[in-house]
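First up is the structure itself, then whatever we jot down about it.
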Amino acid sequence: MSKPRVAIFDFACCEGCQLQIVNLEEEIIDLVGAVDVVEWREAMSEQSHEYDIAIVEGSITRPEDEHRLQIIRSRAKILIALGACATIGGVNKMKNNFDLNEVKRCVYGKDAEMPHLATTTTRALHEVVDVDFKIHGCPINGEEFKQVVRDLLLGKKPVIPTYPVCVECKAKENVCRYEYDEICLGPIIRAGCGAPCPSAGWRCFGCRGLVDNPNVDAAKEVMEKYNLTVDDLKQKMVLFNSK
Amino acid sequence: MSVNTISKDRFKQFVEALIQSDQRVVGVQARGDRFVFDDLKAADALRLDYDVTILSPRKYVLPPKEPLLKFDGRASYESLQESEPMVLLGVHPYDMAAINQMDLLFSQDEYDNHYMCRRKKMTIIACDVATPSENVFAASMGTATVDSGYDMLLTDIGDAYVVEAATDNGKALMNLMPDARPASEADIEKRQAVWKKNEHDLNKHMLECKPSFLPKLLEKNYDHPVWEEKARLCYSCGSCNQVCPTCYCFDVQDEVNWDLKTGVRYRAWDGCLLQDFATVAGDHNFRKDRAARFRHRLYRKGKYVPGKIGGQIACVGCGRCITACTAKIANPVDVYNQLMERTDIG
Ligand code: SF4
Ligand code: SF4
Ligand code: SF4
Ligand code: SF4
Ligand code: SF4
């Protein structure tokens with residue numbers, strides 16, 4: 001069997017997730033040994049239109065991005081969204097909370113009307129094309145990335161947690177932020193990161209996106225138990241989980 | 001069985017000697033404003049006055065993630081055993097009761113080699129509760145004190161500990177306590193007083209029936225509205241499973257290396273409250289509703305597991321799930337009492 005051809009692409013993002021792949025260091029060699037990397041702008045100059053697996057980082061923010069993503073989709077057998085920008089829109093979606101013209105003026109000033117800056121509402125990849133697998137996080141977790149790639153190479157469905165961050169947080173013996181009457185997004189955000197943020201004394205900011213079935217109906221009553229409100233909770237959702 | 005007394009100062013020397021020995025020593029220590037079991041580096045760090053630990057000692061008896069075997073394609077495999085001699089220092093009676101139940105469960109039906117090997121290399125020094133935690137209800141469950149399973153039992157009687165060596169391992173440890181003297185009658189009475197006090201004090205939530213009624217109570221209430229009422233707020237976060245000393249469900253997964261042939265099969269804690277706990281091949285989930293999963297945990301504790309271990313209730317009243325549940329719905333006593341209110345248990 002010939003090695004699957006893999007191409008890595010990026011859209012609106014900081015390229016931090018690709019950096020996580022680069023940071024795999026010696027294991028990069030194993031990765032490159034197991035697959036045939038045919039296009040990866042951050043690491044090589046070649047380009048290719050022939051690939052089996054497309055790994056796509058970043059959000060869709062311009063009409064031409066949408067078009068380019070559709071072409072990638074049509075060529076790839078498997079399309080993987082890499083990182084929060086791609087899986088949920090992530091921080092790029094914060095702008096969707098404001099008037100677009102105002103955002104443009106604020107960010108680009110007098111260049112706001114330049115054609116290549118014609119930004120529109122931010123979308124995650126799955127809001128534009130079908131996505132086969134999502135590797136969550138801002139940035140992604142290198143261990144999870146490796147496991148997903150190896151599972152795909154084996155023809156196995158990758159195991160991506162459907163349970164919330166609390167599972168991993170509790171396993172680390174953290175005291176829950178709620179016990180101090182503080183908000184944490186852990187109960188509704190997908191695990192897989194190992195809960196680094198609550199373990200460091202922060203809250204979960206929600207970078208891995210919502211679990212498949214978040215219990216949103218519980219929010220009001222549960223927040224009241226801690227003298228918090230749903231608005232407090234919503235405010236914390238803006239950073240990574242804006243609409 | 002031999003019962004001795006040792007002053008707290010001398011006891012500290014014993015702990016130092018234990019740490020210097022060639023066994024791994026795990027003991028209860030402070031972490032922030034709470035307590036945890038962790039490797040003990042100095043006798044001063046040991047906190048036998050603790051109220052409750054965040055996770056139970058289950059994390060040593062059944063580690064959160066444990067390699068089971070190495071494989072090489074489908075061709076061959078080799079069992080992996082990672083256990084080492086270990087002393088577990090400061091196990092409260094309710095947690096001891098939980099370990100006793102696990103020992104039964106892992107040695108019956110499919111004898112679990114990984115578990116039992118580790119368990120056999122473990123020496124347990126239990127200690128009676130000196131400070132009740134805010135949610136403990138062990139007295140309601142008959143686990144405020146314990147009389148088996150440990151190698152050694154310590155009871156704080158003020159300026160000294162009463163030390164009971166119950167097994168050969170325990171008696172061997174007495175060699176590290178040259179200053180212990182046979183407990184006086186007064187010391188034994190003080191120990192009785194601690195037990196009596198704990199039978200009363202470790203009851204922050206009072207179960208309104210004998211634990212032995214629970215299987216019957218549950219049997220009659222499979223469709224009770226309380227399941228839905230409570231589970232409405234459930235996040236399916238499994239915190240109640242994670243912290244529980246009697247939860248023993250695990251999931252088995254393979255981690256394969258880059259050669260796509262060799263790898264390791266391991267097991268990791270699972271939890272029956274998690275959405276996909278009951279998802280099987282073909283993506284069928286036979287416990288899709290939150291309420292069904294919420295009910296399952298309490299049935300497990302109060303009916304299913306007792307059916308396997310001679311009627312012992314698989315909730316030992318540590319109260320950890322009550323503290324850990326963000327939605328504040330996990331309290332087993334609260335649920336069982338609500339069922340009592342509306343049931344004639346005859
Ligand atoms: S998900 Fe985070 S780290 Fe990854 S590209 Fe987006 S902003 Fe950067
Ligand atoms: S701190 Fe956050 S992630 Fe951790 S248990 Fe509490 S809610 Fe869950
Ligand atoms: S704890 Fe939350 S914010 Fe932190 S990495 Fe995990 S999902 Fe992201
Ligand atoms: S069900 Fe709750 S109280 Fe009972 S043993 Fe488990 S964690 Fe402790
Ligand atoms: S801890 Fe509470 S919210 Fe989480 S799964 Fe258990 S009952 Fe549900």
Kindly provide the set of residues from segment A:60-112 that are within 16 Å of ligand 3 (Cβ to nearest atom), of a type in the set (A, V, I, L, M) and in contact (Cβ under 8 Å) with a residue 60 or more places away in the chain, ordered by number.
A:LEU82, A:ALA84, A:ALA86, A:ILE88, A:VAL91, A:MET94
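Does A:LYS157 satisfy the criteria of being of a type in the set (Lys, Arg) and within 30 Å of B:PHE35 (Cα to Cα)?
Working: of a type in the set (Lys, Arg): yes; within 30 Å of B:PHE35 (Cα to Cα): no.
When the stated conditions are applied, A:LYS157 does not pass them.
For segment B:252-268, how many residues meet the condition of being assigned to a strand (DSSP E or B) and open to solvent by 60 Å² or more (accessible area, probe 1.4 Å)? Outline the logic, then answer.
Residues of segment B:252-268 that are assigned to a strand (DSSP E or B), as a first pass: B:252-256, B:262-268.
Checking which are open to solvent by 60 Å² or more (accessible area, probe 1.4 Å) leaves us with B:252, B:255, B:265.
Of the residues in that region, 3 qualify.
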Collect the residues in segment A:227-240 that are more than 19 Å from B:SER236 (Cα to Cα) and in contact (Cβ under 8 Å) with a residue 40 or more places away in the chain, keeping them in residue-number order.
A:ASN227, A:LEU228, A:ASP232, A:LYS236, A:MET237, A:VAL238, A:LEU239, A:PHE240
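Just for segment A:179-203: of the residues that are part of a helix (DSSP H, G or I) and under 18 Å from A:PHE240 (Cα atoms), which one is nearest to ligand 5 (Cβ to nearest atom)?
First pass over segment A:179-203, keeping only residues part of a helix (DSSP H, G or I): A:179-180, A:186-188, A:196-199.
Right, trim to under 18 Å from A:PHE240 (Cα atoms) and you get A:186-188, A:196-198.
Numbers: A:GLY186: 10, A:PRO187: 7, A:ILE188: 11, A:PRO196: 21, A:CYS197: 19, A:PRO198: 15 Å.
Among those that are part of a helix (DSSP H, G or I) and under 18 Å from A:PHE240 (Cα atoms), it is A:PRO187.
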Selected residue (only one of B:LYS70, B:LYS59 is touching a helix residue (DSSP H, G or I) at 6+ places or on another chain (Cβ under 9 Å) and of a type in the set (Lys, Arg)):
B:LYS59
I'd like to check something: does segment B:264-281 contain any residue that is in contact with a His (Cβ under 9 Å, 6 or more places away or on another chain), within 16 Å of ligand 5 (Cβ to nearest atom) and over 23 Å from B:GLU66 (Cα atoms)?
no
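Mind listing just one residue for me: the one in segment B:231-256 that is more than 24 Å from B:PHE37 (Cα to Cα) and at the interface with another protein chain (Cβ under 8 Å from one of its Cβ atoms) and, of those, nearest to ligand 2 (Cβ to nearest atom)? Quick ask: steps written out before the conclusion?
So in segment B:231-256, the residues more than 24 Å from B:PHE37 (Cα to Cα) come out as B:231-236, B:252-256.
If we keep only those that are at the interface with another protein chain (Cβ under 8 Å from one of its Cβ atoms) too, we end up with B:232-236, B:253, B:255-256.
On the way: B:ARG232: 18, B:LEU233: 14, B:CYS234: 13, B:TYR235: 8, B:SER236: 12, B:GLN253: 22, B:GLU255: 24, B:VAL256: 29 Å.
Ranking the candidates gives B:TYR235 first.
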Within segment A:153-169, can one find any residue that is open to solvent by 10 Å² or more (accessible area, probe 1.4 Å), among the basic types (Lys, Arg) and modelled with pLDDT of 90 or more?
no
Please determine whether any residue of segment A:163-178 is aromatic (Phe, Trp, Tyr) and either within 15 Å of ligand 5 (Cβ to nearest atom) or over 26 Å from A:SER59 (Cβ atoms) (or both).
yes
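In this structure, does A:GLY201 turn out to be within 14 Å of ligand 3 (Cβ to nearest atom), open to solvent by less than 60 Å² (accessible area, probe 1.4 Å) and either facing chain B (nearest Cβ under 10 Å) or closer than 26 Å to B:PHE35 by Cα (or both)? Outline the logic, then answer.
Working: within 14 Å of ligand 3 (Cβ to nearest atom): yes; open to solvent by less than 60 Å² (accessible area, probe 1.4 Å): yes; either facing chain B (nearest Cβ under 10 Å) or closer than 26 Å to B:PHE35 by Cα (or both): yes.
So A:GLY201 passes the test.
Condition check: more than 24 Å from B:ASP112 (Cβ to Cβ) and either aromatic (Phe, Trp, Tyr) or within 11 Å of chain A (Cβ to nearest Cβ) (or both). Does B:TYR222 satisfy that? Even if it seems obvious, please write down each step before you answer.
Values: more than 24 Å from B:ASP112 (Cβ to Cβ): yes; either aromatic (Phe, Trp, Tyr) or within 11 Å of chain A (Cβ to nearest Cβ) (or both): yes.
For B:TYR222, the condition - more than 24 Å from B:ASP112 (Cβ to Cβ) and either aromatic (Phe, Trp, Tyr) or within 11 Å of chain A (Cβ to nearest Cβ) (or both) - is met.
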Limited to segment A:169-194, what total is found for residues that are under 22 Å from A:TYR226 (Cα atoms) and near ligand 3 (Cβ under 8 Å from one of its atoms)?
4
Qualifying residues in segment A:177-198 (those that are open to solvent by 20 Å² or more (accessible area, probe 1.4 Å) and at the interface with chain B (Cβ under 10 Å from one of its Cβ atoms)) - the one nearest to ligand 2 (Cβ to nearest atom)
A:ARG177
Of all residues in segment B:63-98, count the ones that are out of contact with any Cys (no Cβ under 6 Å at 6 or more places or on another chain), open to solvent by less than 10 Å² (accessible area, probe 1.4 Å) and small (Gly, Ala, Ser).
1
Residue that is farthest from B:SER107 (Cα to Cα), among those in segment B:61-83 that are within 13 Å of another protein chain (Cβ to nearest Cβ) and outside any strand (DSSP E or B):
B:GLY73
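Can you confirm whether A:LEU228 is part of a helix (DSSP H, G or I) and outside the structural domain of A:CYS85 (by TED's automatic domain parsing)?
Values: part of a helix (DSSP H, G or I): no; outside the structural domain of A:CYS85 (by TED's automatic domain parsing): yes.
So A:LEU228 fails the test.
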Name the pairs whose Cβ atoms lie under 8 Å apart, with the first residue in segment B:112-135 and without any contact (Cβ under 8 Å) to a residue 24 or more places away in the chain, the second among the hydroxyl-bearing types (Ser, Thr, Tyr) and open to solvent by 10 Å² or more (accessible area, probe 1.4 Å), and 6 or more positions between them or separate chains?
B:MET116/B:SER107
So A:ASP212 clears everything in (1) more than 9 Å from ligand 2 (Cβ to nearest atom); (2) open to solvent by less than 20 Å² (accessible area, probe 1.4 Å); (3) within 10 Å of another protein chain (Cβ to nearest Cβ) except one condition, right? Which one?
(2)
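Hey, which of the helices (runs of 4 or more DSSP H) in segment B:163-219, taking only ones fully inside, have at least 2 residues that are free of Cβ contacts under 8 Å to residues at least 24 places away in the same chain?
It comes to B:168-174, B:185-201.
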Considering segment B:295-331 alone, what residues qualify as being within 16 Å of ligand 5 (Cβ to nearest atom), open to solvent by less than 10 Å² (accessible area, probe 1.4 Å) and either over 22 Å from B:PRO132 (Cα atoms) or hydroxyl-bearing (Ser, Thr, Tyr) (or both)?
B:ARG297, B:LEU298, B:TYR299, B:GLY302, B:THR326, B:ALA327
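Going by what's in this entry, would A:ASN141 be described as among the polar types (S, T, N, Q), surrounded by 14 or more Cβ atoms within 10 Å (Cβ to Cβ), modelled with pLDDT of 85 or more and in contact with a helix residue (DSSP H, G or I) (Cβ under 8 Å, 6 or more places away or on another chain)?
On the way: among the polar types (S, T, N, Q): yes; surrounded by 14 or more Cβ atoms within 10 Å (Cβ to Cβ): yes; modelled with pLDDT of 85 or more: yes; in contact with a helix residue (DSSP H, G or I) (Cβ under 8 Å, 6 or more places away or on another chain): yes.
Yes; evaluated as a whole, the condition is true for this residue.
The values are calculated or read from the model by the stated rules, or taken from the named source; none is laboratory data. Computed from a predicted structure; not experimentally measured. Glycine also receives a Cβ, built like all others from the backbone with ideal geometry; neighbour counts cover every protein chain displayed. Accessible surface areas use protein heavy atoms only, side chains included; no ligands, DNA or RNA. Shrake-Rupley method; radii C 1.70, N 1.55, O 1.52, S 1.80 Å.
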